Amino acid sequence: MLGTRTKFKYNCWDFFFTCVGLPLFMLDIVLDVLAAVSFYKERAYVYLGVLLLFLLGSSLLTQAYSWLWYSYDEFERKTKVEKLPSPRQLKLLHVFQLGIYFRYRHTGSSADEQEPDSESIAVSLNHDLSMLRIIETFAESAPQLHKGAVGSASAIAFTVTTYHRSLRSFLPDKEKQQITSSVIYFIWNLVLISSRLTALALFASVLPCFIFTHFICSWLVLFFFAWRSKTDFMDSPCGEWLYRATVGLIWYFDWFNVAEGKTRYRTALYHGYILTDICILCAVWCWKMSTDPPDFVIEPTYALITAVCVVAVYILGLILKAIYYKLFHPNLDRDEQQPVDEVDFRMMRSTTEVSAHYNKRMRKLAKNFYS
């Protein structure tokens with residue numbers, strides 16, 4: 001039984017992250033278009049085809065999740081903007097890949113509305129939006145190597161940080177999250193993801209065809225472990241399999257907690273696997289640079305230093321992550337987790353009517369994240 005009734009404030013920092021998310025999303029599209037034009041002018045049609053394939057795939061994946069969540073919620077309308085399209089019109093918006101823009105619009109409008117429960121509704125809507133940004137960003141990460149590891153890692157780290165702030169609102173007693181915590185969270189994610197993407201970029205520079213083989217093989221392993229984790233996020237069997245496949249994709253780049261309970265050993269196993277993989281990728285790159293270098297040539301000594309630095313950066317990221325979890329992460333025991341599961345998100349629409357506006361999907365993720 002839901003015993004805790006909490007009305008959440010949509011604070012200025014969360015609103016800032018939401019507002020910044022759309023311009024960054026649009027900028028990412030512009031950069032993708034410029035990259036596609038560049039590949040076309042260089043007559044690199046294979047790279048152009050791969051880029052378009054991944055971009056289309058990431059958009060389709062994001063729109064599929066958005067549509068499934070609307071259907072799971074039985075097309076419940078919470079804002080004035082949402083009430084405009086019918087379910088059929090909403091479906092057409094997703095078919096034409098406009099669903100996520102619609103979500104940005106009604107999330108922002110709900111925060112601006114003067115209704116008594118508008119802020120809490122905005123928080124609830126923002127939970128789904130943050131998860132969709134996670135899916136879209138990681139789904140595009142493979143073709144984003146043309147932008148450079150640092151640029152791609154910055155976009156991913158920002159999205160992950162926004163997701164982290166969204167989950168934090170499920171802790172009523174820790175609702176006021178200091179921006180310092182988010183900054184540190186962003187930094188260690190940036191360091192880890194930069195190292196991972198750099199290793200993949202180095203490997204792709206000498207063995208471009210094998211990077212797809214590497215991805216498929218790694219994804220199958222990670223997908224297997226996602227299945228063994230017995231996730232329970234979506235409301236349909238097909239949706240759950242889609243989610244597990246997506247988790248395998250996310251794990252290819254960064255850790256994402258999807259199962260309830262203590263995750264120390266699972267996290268250590270994952271990072272051990274990724275660190276070993278980075279070492280192998282960098283070793284193969286060094287070997288190819290010394291035996292069969294591509295058009296550009298790097299001295300073996302500099303190549304070795306570069307490879308060691310990539311591995312060292314990942315280890316540095318693990319140290320920063322440990323510091324964050326030691327000093328800033330609210331590690332809750334099972335008794336303290338109860339309020340997280342009991343958050344009600346109930347707001348008064350009138351003096352006699354109570355309506356539930358809670359996000360059960362993200363509540364599950366929050367429980368996993370803070371376990």
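The values are calculated or read from the model by the stated rules, or taken from the named source; none is laboratory data. Note that the structure is a prediction, hence the values are computed from the model and not measured. No Cβ is skipped: glycine too gets one built from the backbone with ideal geometry, and neighbour counts run over all protein chains shown.
Given 99, 57, 108, 49, which one is within 24 Å of residue 155 (Cα to Cα) and either in contact with a Gly (Cβ under 9 Å, 6 or more places away or on another chain) or at pLDDT below 75 (or both)?
108
Answer yes or no: is there a residue in segment 70-81 that is modelled with pLDDT of 80 or more and either surrounded by fewer than 16 Cβ atoms within 10 Å (Cβ to Cβ) or touching a Ser or Thr at 6+ places or on another chain (Cβ under 7 Å) (or both).
yes
Please pick out the residue among 235, 254 that is surrounded by fewer than 17 Cβ atoms within 10 Å (Cβ to Cβ), touching a Phe, Trp or Tyr at 6+ places or on another chain (Cβ under 8 Å) and closer than 21 Å to residue 134 by Cβ.
None of the others qualify; the one that does is 235.
Would you check if residue 32 is out of contact with any strand residue (DSSP E or B) (no Cβ under 7 Å at 6 or more places or on another chain), surrounded by 13 or more Cβ atoms within 10 Å (Cβ to Cβ), within 24 Å of residue 233 (Cα to Cα) and at pLDDT below 85?
No.
Please give the number of the condition residue 66 fails out of (1) over 24 Å from residue 156 (Cβ atoms); (2) of a type in the set (S, T, N, Q); (3) surrounded by 15 or more Cβ atoms within 10 Å (Cβ to Cβ); (4) at pLDDT 70 or above.
(1)
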